[in-house]
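Here's the structure, in structure tokens; my notes come after.
All of the numbers you see were taken from the coordinates with simple rules; none came from a lab. Given the structure is predicted, the values throughout are model-derived calculations rather than measurements. Cβ coordinates were reconstructed from backbone atoms using ideal geometry, including for glycine residues, and neighbour counts include every protein chain displayed.
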Amino acid sequence: MQGPPSVTYPAGAQQAEYAALALLAVAWALGLALWLALAPDFVAPAAWWASLGAGSGLLGWGLWRLRTPVVGELVWEPLPAGARRRSAAVRGQWRWFSPAWRRGLALSELRCVLDLQGLLLLRWRSSSGLSGWLWLERAQNPGQWRVLRAAVLAQPQP
């Protein structure tokens, strides 16, 4: 059985990350406002102030982190016809290309954690022990989206 064709897809979906961060910030702010409104005698308990400080710090870190998003390319390279396979499940190799890995980092595992049809959240691991997360959006390359999803979803999931 032959696997999906080769595909190269850009990664680093900043739109989705900003939307997720904005949603979390709004939910956190509404929760704090509700907590303060229900506090007896309109006095904020110490835990409220701790949550305000921690949440503000995390929100600031998130905004700082979004200023330098992970940008690269995720590449699926199928094995050539007639190539020897290590096992029946191996049909090719995932590679990650970025400014840090210009020659490509071979990924030993790529797992789909969240599939929202137009957005994929992937967890990857390399054979050297490195790991990371990737957001992929259909809007980044609509013409290759189906091929990418086919390649990702054809992977055996642990």
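Some observations on this one:
- By average C-beta atoms within 10 angstrom, highest first, the peptides 102-109, 56-63: 102-109, 56-63
- Computed from phi, the 3J(HN,Hα) profile of region 136-149 under the Karplus parametrisation 6.51, -1.76, 1.60 (θ = phi - 60°) reads 10, 10, 4, 5, 6, 6, x, x, 9, 4, 5, 5, 4, 4 Hz, with x in place of Gly and Pro.
- Of the residues Y9, Y18, the one with the fewest other Cβ atoms within 10 Å heads the list, and the complete ranking is Y18, Y9.
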